[in-house]
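See below for the structure under consideration.
Only the coordinates and a few stated rules stand behind these numbers; no lab work does. Quick caveat: nothing in here was measured; it's all calculated off a predicted structure. Cβ sites come from the backbone with ideal geometry, for glycine too, and all protein chains shown count toward neighbours.
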Amino acid sequence: MIGVVVGVAAGYVLGTRAGRERYEQLNRVARTIATSPATKKAVAVGRQKLSEALSTAPQLERVAEIDETTSVYAPQGATRNGMADRDGAARSPRG
């Protein structure tokens, strides 16, 4: 009985030590990856693209210039969808 208890205790100690070493190894690798410049750049690019995709502000493009200080803008793609005339006057999609 004492032999079994000693065996279990030795296995526990050795397993814990090996588990801790593996944990430390994985932790070092994760920190190296997280702090690498390539990872930081990829995260920044991903955040920017996500921000643009989720933006509630409409992306506008100049449709017509009235004078030096005044222009007409429409949401991007509106001129391609028939939402504005060549002179910038908005019209309904039905004509």
Long-range neighbours under 7 Å by Cβ, at least six apart or interchain, first residue in contact (Cβ under 8 Å) with a residue 12 or more places away in the chain within segment 21-50, second among the polar types (S, T, N, Q) and surrounded by fewer than 10 Cβ atoms within 10 Å (Cβ to Cβ):
none
Some residue of segment 41-61 being more than 19 Å from the chain's Cα centre (by Cα), over 30 Å from Gly77 (Cβ atoms) and not basic (Lys, Arg):
no
